[in-house]
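Comments concern the structure below.
The values are calculated or read from the model by the stated rules, or taken from the named source; none is laboratory data. Quick caveat, the model's predicted, so the values are computed rather than measured. Every residue, glycine among them, receives a Cβ derived from its backbone with ideal geometry; neighbour counts consider all protein chains shown. Remember, those area values only see protein heavy atoms, side chains included, never the ligands or the DNA or RNA. Shrake-Rupley method; radii C 1.70, N 1.55, O 1.52, S 1.80 Å.
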Amino acid sequence: MHVSRIAALAVVSVLVGCSPYEEQAPAPKKNDKPSQVIKVKTPVPYGKKVACADLLDTAKLGAALGSEVSLEDRSGSEAKASSVCGVMLNGEAPGEAAQKRNFKDDMKLGVLPGDEICTISAYCAFPTDTEDFKKRCQKAGDALNEALGQWACVHQTQRAAEWAYTYKTIDPDTKCTLKVYGGPSVTDEKLVQTCTRAALDTITPESITKYH
């Protein structure tokens, strides 16, 4: 009798297409919720580096700064930045005697040939919004000004008895956020403003087109 019952179950299993000892899997539930992922297009994909030679024009930078300059590409030094470019003053550095003489005259050596005038960093992999930019600046305790002809966020750092300046602003053509600060010997805010303005003038959408 027991053997007959097992045989009967086996026959039923063949007919219905499943084992009598296995439960049928429940039908998958339909997901009614729409996806919460929002895709935002940015000027340059995250992680992609823009060569300083493509981003900036040394002739235009030099004209704005009143000196011949060259670029030092440090883009690999910061993960979030699309470009990090040191703007260097061309020429041969003066000898030690000349440096001592200049220091005695005005107690400052300033930017010497071979020194960094400023560093220009471009952040093109993040969305930008002017109002949000202003709120973040004020929340950080930095100052907003319009000395560049547009909003800039200015951070001050004590450097000996003087101050060093960092300017952040949004490039209107590319929508990249720019961060510009002076070299190690720069405490002149106007020089940092000049570097920032020159960057705004020289960077164009064509500068980053091939990096989209």
So how far apart, in nm, are the two label points at T204 and A140 if each is 7 Å from Cα heading toward Cβ? 3.0
Per-pair calculated FRET efficiency, R0 = 30 Å: K41 and D188 via Cβ, rounded to 0.05: 0.20
Filter on K48/K190; K49/K139; K60/K190; K48/K179; K80/K168 - keep pairs with C-alpha separation over 26 Å: K48/K190; K49/K139
At 7 Å along Cα-to-Cβ for each site, give me the label-to-label distance between Q150 and T130 in nm. 0.9
Packing-ranked peptide list from 133-144, 190-201, 67-78, highest mean Cβ count within 10 angstrom first, is 190-201, 67-78, 133-144
Mind checking the full-extension length gain between A161 and K48? Use 0.36 nm per residue of separation minus the Cα-Cα distance, one decimal, nm. 36.8 nm
If I ignore ligands, DNA and RNA and count only protein heavy atoms, how much of D173 is accessible to a 1.4 Å probe, in Å² to the nearest 10? 90
